[in-house]
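Inspection log for the structure reproduced underneath, given as structure tokens.
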Amino acid sequence: MPDFGTVASAILSGLLLGGMMGLIALGLSIVLGVMRLVNLAHGVFLVMGAYAGLYFLKLTGFDPLLALPLLALGIAALALPLYRYLLAPLAQRGPEAQLMTMFAVAIILQNLFVFVFSADTRSIERSYATLPLSLGAITVPLIYVIGFAIAVALILAIHGLIAHTGFGRDLRASAADPAAAATLGVNVQRVQMLTFALGTACAGVGGVLIGVAFQFSPSSGGAYLLNSLAIVVLGGLGNVPGTLAGGMILGLLQSLGGLTLGDGYRDIVGMALFLLVLVFRPEGFLAARRA
Amino acid sequence: MRLHRLSGDMGILAGAFVLLWFAPSFASDYALQISFRVMIYLTLAESWNLLTGSVGLVSLGTASFVGLGSYVAFGLANHFGAPIPVILVVCALAGAVLAALVSPALFRLRGVYFTVGTLALAALLQLLMVNLPTFGGASGIFLKHDPPPLASLYHDALSVALVASLAMAICARTRISVIIRAVRDDEDAAAQMGVRPYRVKLAAFALASALIAMAGAVQAINLGAIEPYGAFGLQWTIDALSMVIIGGIGWRLGPLAGVLFVVMLGEMLANYPEAHIAITGVILIVLIRFAPGGIVGMFARLFTRSTRLSSP
């Protein structure tokens, strides 16, 4: 039986990591809500963010966490042509065509990463990433606290954007009923494009955080995509605070799963939870129709 | 009329089966290996076409059932010394049972949630196999006995492909096709007409899963060793999806055309696996955008256009 300190540290680590996962899942959630698209390239966009952070550090020597706004803008800018030239032309063809197109984008990018960066496992090495932060018997990595703070700040900012701005009003209208929104003068295509860029930026920023906190490789994206889906189901689509809560719940459960069953079971917890929630509590999705 | 067309299909399939049965007596080992892969892929593609093209369920879970078939086959062969026909029947049952077990979760909501659910299922099974030492963990399992000679395995793969093709012929040429199309085009309207969409979807999912599990079993025995990353690998899913989209989704001959194209492309790019997948991705994007009917759809359009031009 592990002692109190180990358990408490694992729980706190899980919650903090879950906050970062919440930001990543929020990106998936808004794209799903506004475009009805499960962006299967979301995990690969995350890996792209991690590589962007890594090469930003290598080329400029500046800390990628300080340059997060710049990196986020850069990755969001990459999303615009993807929307304009790949997704927008398929808008009238039902959700499957866009879904499969993003699946194809995901496998292209993943293999491009292997080709350009090799399949090796990498990480963004920062001295503070390995520092422990102790409070009594509880010890968590400092980077978890930093990552959590950044993630929560961004989630709150996105919440404010959606709830209190003109763009947010257009976004909510487009999510609820695109046709009616268009009739009322909302430029739905522009809203979708910006939402897609915002969602991609969430994945990219999450990727930089993950890249500093953990190791990553071209094939890391799949697990983050599926965990994000679990969080979206758990928190309810279109529910921004719910997504943060869902992320923290998943992080907690993953930590407990890893602690009791072994580290290999961390990701299993996410996928099992996803399928279980689908069986027992699919309201997470249904709430979306009303949001 | 329909039954007449069904017997026509059956005749063609029987003829092709008999001809291909004798391939080992004149084909080289390399040609036989390729033909083996064509048969396995054809089974995967036919199953995916049934689910996605006919019923409208986009599955990203092909790997789940390939992996399931692989592991069940190795378990039966290693622990019970079961002969291949028995293995195939049990694998088919296992595939159908797994499909039925997960269907409450996957069919709970419509559309894309089935898709992401199947993706999660494959990842879940892969991680379970990696972590459970009973199933060999990450390093996998070896076949205890020598696998049967290639010619015999080729006959098994050919038989599985025949079963798959016969099943598709029945689905396409009987009243079943009308029911399936009704569910795909409008579930609510179909329900109003007395069709039970849940049952139709479940039956199609179970049938496709059974066929995929059989294909997984034969190809695993041919390999002689399995591990979770290969058996449950996303590559199976990519292959099934790309073959059908390239060949022509929803078309009867789509899977065959797609399989031949993908196997040829794979042979040409055998030394560049990353380039192979990336190029497949590009082809998918272009076809989805500009030729949703794939190769067969393009030919059909050319053909109808030329007949229309030549008519007075």
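Coordinate-derived values only; no laboratory data. From a predicted model like this one, the values you see are computed outputs, not experimental measurements. In this analysis, Cβ positions are derived from the backbone assuming ideal geometry, glycine residues included, and neighbour counts consider all displayed protein chains.
Shown in residue order for the stretch A:113-123 are the 3J(HN,Hα) couplings computed by the Karplus curve 6.51 cos²θ - 1.76 cosθ + 1.60 at θ = phi - 60°: 4, 4, 5, 7, 9, 6, 7, 4, 7, 10, 8 Hz (x for Gly and Pro). Here the spin labels are modelled as points 7 Å beyond Cα on the Cα-Cβ line, and at A:F62 and A:V145 they lie 2.6 nm apart.
Entry note: the stretch A:4-290 has Rg to Rh equal to 0.96, where both radii use alpha-carbon atoms and Rh is the Kirkwood radius. Compared with the dominant Cα axis of chain A, that is its longest principal axis, helix A:240-261 is turned about 40°.
Once R0 is set to 22 Å, what does the formula 1/(1 + (r/R0)^6) return for the Cβ-Cβ distance between A:L131 and A:T260, expressed as a FRET efficiency to the nearest 0.05? Before the final figure, lay out each step's value.
Working: r = 27 Å, r/R0 = 1.24.
After rounding to 0.05, the efficiency reads 0.20.
On full extension, the segment bounded by B:H79 and B:L6 gains 22.2 nm, given 0.36 nm per residue less the C-alpha separation. Per residue, the convex hull spanned by the Cα atoms of the stretch B:2-310 amounts to 155 cubic angstrom.
Based on every Cα atom in the stretch A:1-155, Rg and the maximum pairwise Cα distance Dmax equal 18.4, 58 Å.
By counting other Cβ atoms within 10 Å of each Cβ, how are B:K144, B:K201 ranked from fewest to most?
Details: B:K144 10, B:K201 23.
Final ranking by Cβ density, sparse to dense: B:K144, B:K201.
For the stretch B:125-151, backbone nitrogen atoms closer than 17 Å to the point 7 Å from B:D29 Cα along Cα-to-C-beta are found at B:146-151. Once amide H atoms are built 1.01 Å from N in the peptide plane, which residues 5 or more positions from B:L57, or in another chain, come under 5 Å H to H? Those lying under 5 Å, H to H, from B:L57 are B:T52. For A:T139, the residues whose amide H sits under 5 Å from its own are A:S9, ignoring neighbours fewer than 5 places away on the same chain, with H placed 1.01 Å from N. May I ask you to work out the translational diffusion coefficient for the protein assembly as shown at 20 °C, viscosity 1.002 mPa s, via Stokes-Einstein with Rh from the Kirkwood sum over Cα pairs, reported in whole µm²/s? Reported coefficient: 85 µm²/s.
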